[in-house]
Structure formats: C-alpha cells, structure tokens
Amino acid sequence: MKKQLKAWIFCRVAPHSPRSLLTFQHDQLEAIANDCNMKVVGSTQITSDGKWLNGFEMQSLLIQIKKQKFDILLINSPFRISIYPDVYEEFELLCRLYNVSVLSYIDYITEQ
C-alpha cells in the first residue's frame, strides 16, 4: 500500500490585502491535498510583505521542515514564500535538503 503523504499548507497575503484571501488560498490547497489523498498535518497563514524568511511564522515553518514533520509543502505560488526569486530558491534548496517537496497550485493545475 502506498504511503499517505503528510502535507503542510502555507498561505501568505500582503498587509494591505483582504484577509479573506488567506482562507481562499487555504481552501484551494486543502482541495489539492484531498484530491491527492494527502493528510494535512498543519498550516501556516501569514500577513507580511513576503520579502525575507526571518519572521516568526517562517522560522517556525523552517523548524518543521528541518524536523521533517511533513513530506510536501503546498503553496499557491513561489511568490507566497518570497517576492524575491533568489530567496525562494534558497528556501526550495532547504526543502530539498530535508526531503520536503514543494507543490504550487499553479503547477498542480497545469499538470491536470
């Protein structure tokens, strides 16, 4: 029997954006998890400018990644992690180092 993947949902909006977009992102990503028979073991919802990875919520997420508490991180797009591509790339490298896959909503819908 195939192992059920443990998923973490990550959502972020800018400070000036409606907070309802956090719920919208979460619901979309939760639907992906359900469609793929993943078990959602946690989620992070952040309101920030999305520049760096040094906020409390991001540091908490990084700890969960390093402890390998989940197998796959579900995000809406790489820009939800950071608006800077090089910062996102380093984040993705860290995920790969700890065997955590990253799946974006954009990638998921284009694969369907």
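The values are calculated or read from the model by the stated rules, or taken from the named source; none is laboratory data. Just so it is clear, the structure is predicted and the values come from calculations on it, not from any experiment. Every residue, glycine as well, gets a Cβ built from its backbone with ideal geometry; the counts of neighbours run over all protein chains shown.
Against the test of being modelled with pLDDT of 95 or more, on the phi > 0 side of the Ramachandran plot, surrounded by fewer than 18 Cβ atoms within 10 Å (Cβ to Cβ) and not aliphatic (A, V, I, L, M), the options GLN59, GLN68 yield a single qualifying residue, GLN68.
Figure legend. Inter-residue proximity from the stretch 18-39: first residues free of Cβ contacts under 8 Å to residues at least 40 places away in the same chain and surrounded by 13 or more Cβ atoms within 10 Å (Cβ to Cβ), second residues among the basic types (Lys, Arg) and not in a helix (DSSP H, G or I), beta-carbon distance below 9 Å, spacing 6+ or different chains. Indicated pairs: LEU22/ARG12; MET38/LYS6. Within the set ASN54, ASN99, the sole residue that is under 24 Å from PRO15 (Cα atoms), free of Cβ contacts under 8 Å to residues at least 60 places away in the same chain, over 13 Å from the mean Cα position of the chain (by Cα) and not in a helix (DSSP H, G or I) turns out to be ASN54. Every condition in (1) among the aromatic types (Phe, Trp, Tyr); (2) in a strand (DSSP E or B); (3) more than 18 Å from CYS95 (Cβ to Cβ) holds for TRP8 except the one numbered (3). All of (1) loosely packed, with under 15 Cβ neighbours inside 10 Å; (2) not in a loop (DSSP other than H, G, I, E, B) hold for SER43 with one exception: (1).
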